[in-house]
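A.B. asks: There's a structure below that I have some questions on.
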Protein chains: 2
Amino acid sequence: MRKSILIYGISVAVLIGIMKWLEYRYVVKSLPVEAYLGLIAVICTGLGIWMGLKYMQRKELTTISPQVVPAIPPTISYLDLGISEREFEVLQLMAKGLSNQEIADQLYISIHTVKTHASNLYQKLDVKRRTQALQKAQELQII
Amino acid sequence: MRKSILIYGISVAVLIGIMKWLEYRYVVKSLPVEAYLGLIAVICTGLGIWMGLKYMQRKELTTISPQVVPAIPPTISYLDLGISEREFEVLQLMAKGLSNQEIADQLYISIHTVKTHASNLYQKLDVKRRTQALQKAQELQII
DNA sequence: TAACTACTCATCCTAAAGGGTGATTTTCAG
DNA sequence: CTGAAAATCACCCTTTAGGATGAGTAGTTA
């Protein structure tokens with residue numbers, strides 16, 4: 001969170017710098033002020049979209065809560081294997097046949113993170129490949 | 001999607017209106033230009049956040065739930081899909097999590113042949129990846 | 001506050017998978 | 001016997017997956 005504030009502050013600072021520079025340009029070249037306002041608008045809109053997705057979107061995730069487990073079958077949970085929630089999400093998307101990039105897009109994280117989750121997943125499932133992980137997960141009835 | 005574009009267009013229009021109004025205020029009252037730019041920045045940032053949350057929400061998964069599947073299992077054969085015997089063998093070994101090389105060793109053929117079978121398999125299953133093929137094969141209950 | 005866990009992102013490198021094309025041999029039905 | 005389908009193998013190229021490693025952030029708990 002501290003970093004978020006820092007980044008936002010820096011962004012604003014940069015923005016002010018740009019504004020000052022634009023003001024100078026305005027005085028010198030007398031371009032229409034709408035151009036600068038429009039530029040600011042575009043930049044801030046993009047920044048807002050980025051911030052919104054980055055720091056607010058996570059709260060609205062419909063996370064698959066571990067409490068909602070099947071009632072009757074007392075099969076083991078993914079938690080019993082030390083698999084975290086996020087890793088389990090990745091596993092579920094893997095089972096749908098998605099590539100790492102597609103999983104990344106789906107979860108709004110980078111492909112690097114997906115790979116990290118996948119690697120941890122393979123270790124915890126004691127497998128070496130994606131298809132093995134899926135086979136084992138089905139065998140363990142955790143998906 | 002059309003609605004998104006429409007709303008975005010309206011937003012931009014409103015924004016331009018605000019800008020014009022601000023320009024007028026600027027001329028009349030001669031307040032520092034930074035104030036208006038800052039206001040634009042704030043407004044656009046908020047708009048961006050709203051847009052980001054509203055229209056770039058996490059994509060909903062097109063879950064192929066087993067409940068939707070007909071109650072009476074269709075139980076089609078792999079032959080109905082034009083999948084040959086050898087291709088089906090490869091598919092079964094894929095489902096076990098074997099790599100192409102391991103499948104080749106298992107069937108006493110070269111890895112090139114396995115890849116060929118795999119490619120034909122993907123075409124006949126109308127998929128693009130190994131994991132997709134496995135998902136679809138399970139969905140069709142042919143493995 | 002310190003420790004711990006989960007999550008995130010990154011780079012470098014290797015291995016595996018996949019697309020496209022072409023070719024030869026086997027098998028089998030017409 | 002002949003043509004079609006199946007099976008086999010190969011090469012080139014691009015994309016994807018995976019391993020190893022390092023690092024930063026957020027939240028929780030001792």
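A.B. asks: Loop-only check: which chymotrypsin sites (Phe, Trp or Tyr not before Pro) in segment B:88-143 are DSSP coil with at most 14 other Cβ within 10 angstrom?
C.D. replies: Listed in order of number, the matching sites are B:TYR108.
A.B. asks: Within the set of other residues whose C-beta is less than 15 Å from the C-beta of A:ASN100, count the net charge using Lys and Arg as +1 and Asp and Glu as -1.
C.D. replies: Residues close to A:ASN100 contribute a combined charge of +4.
A.B. asks: Summing +1 for each Lys or Arg and -1 for each Asp or Glu, what net charge is found among the other residues whose Cβ lies under 14 Å from the Cβ of B:TYR122?
C.D. replies: Net of charged neighbours comes to +4.
A.B. asks: While we're looking at this one, here's another question. May I ask you to evaluate 6.51 cos²θ - 1.76 cosθ + 1.60, the Karplus curve with θ = phi - 60°, for each residue of segment B:118-134 and list the ³J(HN,Hα) values in order in whole Hz, giving x for glycine and proline?
C.D. replies: So the Karplus estimates, Gly and Pro as x, are 4, 4, 4, 4, 5, 5, 6, 8, 6, 10, 10, 9, 4, 5, 5, 4, 5 Hz.
A.B. asks: Taking the beta-carbon count within 10 Å as an exposure proxy, list A:VAL114, B:VAL14, A:VAL90 from fewest neighbours to most.
C.D. replies: Going from least to most buried by this count: B:VAL14, A:VAL114, A:VAL90.
Each reported figure results from applying straightforward, stated rules to the coordinates on display, with no laboratory input. Only a predicted model underlies this, so the values are computations on that prediction, with no experimental measurement involved. Virtual Cβ from ideal backbone geometry, glycine too; neighbours counted across all protein chains shown.
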